[in-house]
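Comments concern the structure below.
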Amino acid sequence: MFENLQDRLGSILNGLTGRGALSEADVSAALREVRRALLEADVALDVVRSFTDRVREKAVGAEILKSIKPGQMVVKIVHDELIEMLGGEGVGVDLHAAAPVVIMMVGLQGSGKTTTSAKIAHRLSTREKKKVLMASLDTRRPAAQEQLRQLGAQANIDTLPIISGQSPTDIAARAVQAAKLGGHDVVILDTAGRTHIDEPLMVEMADIKKRSNPHEILLVADSLTGQDAVNLARSFDERVGITGLVLTRMDGDGRGGAALSMRAVTGKPIKLIGVGEKMSELEEFHPRRIADRILGMGDIVSLVERAAENIDAEKAAAMAAKMAKGKFDLDDLADQLRQMQKMGGMGGIMGMMPGMAGMKDKMAAAGLDDKLFGRQIAIIQSMTRAERTNPDLLKHSRKKRIAAGSGTDAAAINKLLKMHRQMADMMKMMGGKGKGGMMKQMMGGLAGKMGLGGGMGGMGGGMPDLSNIDPRQLEALQKQAEAAGLGKPGGGMPGLGGLPGGLSRLGGAKLPGLGGGFPGLPGLPKKK
């Protein structure tokens, strides 16, 4: 998501921050590059023009050019204007209306309306504890209604029984009536799409709107369509009147032109973004967090939220207890690898860590991609229980059997065992009585700076229950992280001696194959 733009803007702005003073010519040259980067990202021309004009207006003031670090000031201005272009504050799906609240999904065929309808229903039922009814109004596409019924069964969401021969407007009226009788809080109407905008489609949408009186009309658009998505949004808004936008396939969009243009052109908020194919892979759109990601400042709040959703609290407590005793076997390592996979893999986590976005290319060059996790888990699963508990049993003949079972070779097994030994030794260091303060210092320093209190105080206090953190406290995290120096490109993690650059207080723990350090990943200080 936004990789191309992130790389281009990062290099442009890094060139500015390294200078002691900036002239108007420097700012103009940088803005020319910014304009080119935005146009290459498929952002609408008028949006780019107004964006660069606003940045220039604020950046060329005398008080800016005479400031101590003018380059950083320009970065801040670009950051603030990016947030403004993306919509200022995040806006979620509005459910403040009499039940059942009707949400009407509109868009072209193939944009992902049906899957997105099911994702929204899943999100509302699991997070908001709402009783949701879904109804497919698509009578043209073969098996469209059956597709929604199957998605409903998969996500345990009620769907309206299919009656053949009914018109879309009749189905809409029946869905609202069924929701009232069934005590549902929300009704999601999945309307039909076309391959292009035409008059019959717009007439049908207007009729459905009249019969169902929706509280929210969400336009689902494929982010990969770029500027064409802006024209689509404008057309639907003029004829039907949309209340918000949902962008699908954001995980596959390296440019981000649709996201950056649609809010600025239509004035309608982007409410949700699809970041994967799974039911849970739908996120709220937060302009500040997206701007932080684009400028390589990380996204601590989203990382904490993702951890809260994916980390098993009981397993984490059991792991903490084992680590306190200095125990860490191969089953524990496999659990850690699975947790990282659930949180988006190495790339997903690194993209959200402040100042770490640039590490992804280095990691890929070193062979540290997300496929590595799968191979390592396969190796561990090919071992017997005794071997996983006691890796010292693994001699040559056993390694040959494991290599054959996992489709790898002895070298891959040796690398995994070396990584496990290093992590196990680190756990002993952290769990030992003499050095028990090490983990507390590492986790407690980060937690204290981010407003989580002493709950992350390492082995003694255990990890906090992230699911119980107040949402307002989560929102305050980013500001506190920025104040602590986390939000600056290249800024360090508190208590960790700076990232990327090594965990200085742990003696410089290394990520295998790389020079920089990274918390919670394998590595040990070199023995002298």
So, in nm, how far is label R141 from label D94 when the simple model puts each one 7 Å beyond its Cα toward the Cβ? 2.7
With R₀ set to 45 angstrom, the calculated FRET efficiency between the beta-carbons of Q339 and A153, to the nearest 0.05, is 0.95
Whole-Hz couplings from phi, Karplus 6.51/-1.76/1.60, listed for segment 130-135; x for Gly and Pro: 9, 8, 10, 10, 10, 9
Enumerate the amide H contacts of A41 below 5 Å, restricted to partners 5 or more residues apart or on another chain; note that Pro and chain-start residues carry no placed amide H. none
Amide H contacts under 5 Å for T248, placed H, 5+ residues apart: A221, D222, S223, G274
On a 1.4 Å probe surface of the protein chains, which of T384, T248 comes out largest in accessible area, and what is the full order? T384, T248
What residues have an amide H closer than 5 Å to that of V101, excluding those fewer than 5 places away on the same chain, when H is modeled at 1.01 Å from N in the peptide plane? V186, V187
I'd like the Karplus ³J(HN,Hα) series for segment 84-90: coefficients 6.51, -1.76, 1.60, θ = phi - 60°, whole numbers in Hz, and an x wherever there's a Gly or Pro. 4, 5, 7, x, x, 9, x
Can you give the accessible area of L16 in Å² (nearest 10), computed on protein heavy atoms with a 1.4 Å probe? 10
What's the extension gain from Q109 to K371 if we count 0.36 nm per residue and subtract their Cα-Cα distance? 91.0 nm
Suppose each label sits 7 Å from its Cα in the direction of the beta carbon; what would the T384-S50 distance come out to in nanometres? 7.0
Can you flag which of K119/K278; K278/K371; K129/K315; K113/K268; K325/K415 are past 20 Å Cα-Cα? K129/K315; K325/K415
S164 versus L39: modelled label distance in nm, points set 7 Å from Cα along the beta carbon direction: 5.6
Expected field for E84, accessible surface area in Å² at 1.4 Å probe radius, rounded to 10, holds 120
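The values are calculated or read from the model by the stated rules, or taken from the named source; none is laboratory data. Note that the structure is predicted; figures quoted are calculated from it, not measured. A quick note on method: Cβ atoms are made from the backbone with ideal geometry, for glycine too, and the neighbour counts reach across all protein chains shown. Heads up: the accessible areas ignore ligands, DNA and RNA and are worked out on the full protein's heavy atoms, side chains in. Shrake-Rupley method; radii C 1.70, N 1.55, O 1.52, S 1.80 Å.
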